[in-house]
Amino acid sequence: MTRKQKRLAVVLGGVSFITVAVLLVMFAFSQSVAYFFMPADIAKTEIRPGTRIRLGGLVAEGSVKRGQGSTVSFTVTDGSGSVPVTFTGLLPDLFREGQGVVTEGAFDENHAFVADSVLAKHDETYMPKDVADRLKKEGVWEDGKPVPKATDKPAAAKPAPATIQGVSQGMTKGAATQGVVQP
């Protein structure tokens, strides 16, 4: 083999290795892709049973029902559509009615959505951008919280925050607990 043929063999081997690696990565990504839908999109789109999707929206008020063991059923809504969801497992600590949620799973043969993971918002400002934009457009979400319905009761007035008196300016934060608390 000449020097030129050896160089060509090395280059062709490298190109074939890179091609195989790219094809394997593309195959792996195609297997793990989960398209994002809102409940209103589900009504417009026919989704085959077993197709993995992400479903996002708000947990509908009064829809959370605990089943046997760790099975929970609830409804995800976006104001113009709703989808019942069944989940078996531990829910996030911040999961509750009226809060943003993203579930991942698939529809079964009976067209019931079975989630295998549930993600709840983790602070006051988090919600996936697509979900927040769609819910704001529908008028059911505003600046990090659900918009109260006309039938909702107004929230009770919160008491004024407590103030600490008797703390001199020279004291540290730890010493502030020795002051007098007045509501």
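The values are calculated or read from the model by the stated rules, or taken from the named source; none is laboratory data. Everything quoted here is computed from the prediction, not taken from an experiment. Cβ sites come from the backbone with ideal geometry, for glycine too, and all protein chains shown count toward neighbours.
Pairs are defined by a Cβ separation below 6 Å, a sequence spacing of at least 6 or placement on different chains, a first member in the stretch 85-114 that is over 17 Å from residue 51 (Cβ atoms), and a second member that is of a type in the set (Gly, Ala, Ser) and in a loop (DSSP other than H, G, I, E, B); the pairs so defined are 88/70; 89/70. With respect to being of a type outside the set (S, T, N, Q), in contact (Cβ under 8 Å) with a residue 60 or more places away in the chain and closer than 18 Å to residue 36 by Cβ, residue 119 falls outside the description.
Table: residues versus (1) more than 23 Å from the chain's Cα centre (by Cα); (2) modelled with pLDDT of 90 or more.
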site	(1), (2)
4	yes, yes
13	yes, yes
32	no, no
38	no, no
86	no, yes
91	no, no
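Looking only at residues in the stretch 39-68 that are over 17 Å from residue 135 (Cβ atoms) and in contact (Cβ under 8 Å) with a residue 60 or more places away in the chain, which one is surrounded by the fewest Cβ atoms within 10 Å (Cβ to Cβ)? Ranking the qualifying residues of the stretch 39-68, first place goes to 49.
Of the residues in the stretch 59-78, not one is closer than 20 Å to residue 47 by Cα and more than 15 Å from the chain's Cα centre (by Cα). What number of residues within the stretch 77-106 satisfy the criterion of being in contact with a strand residue (DSSP E or B) (Cβ under 9 Å, 6 or more places away or on another chain) and more than 10 Å from residue 118 (Cβ to Cβ)? Residues that pass the stated criteria total 17. Kindly list, by first and then second residue, each pair from a residue in the stretch 69-80 that is assigned to a loop (DSSP other than H, G, I, E, B) to a residue that is surrounded by fewer than 21 Cβ atoms within 10 Å (Cβ to Cβ), limited to pairs with Cβ atoms under 6 Å and residues at least 6 apart or on different chains. What qualifies is 70/88; 70/89; 78/40; 78/138; 79/138; 79/140; 80/40; 80/138. If you go through the stretch 10-50 and pick out every residue that is touching a Lys or Arg at 6+ places or on another chain (Cβ under 7 Å) and polar (S, T, N, Q), you end up with 0. Which of the residues belonging to the stretch 80-104 are of a type outside the set (A, V, I, L, M) and crowded, with 20+ Cβ neighbours inside 10 Å? Within the stretch 80-104, 87, 100, 103 qualify. Is at least one residue of the stretch 122-133 in contact (Cβ under 8 Å) with a residue 60 or more places away in the chain, outside any loop (DSSP other than H, G, I, E, B), among the aliphatic types (A, V, I, L, M) and more than 30 Å from residue 30 (Cβ to Cβ)? No: zero hits.
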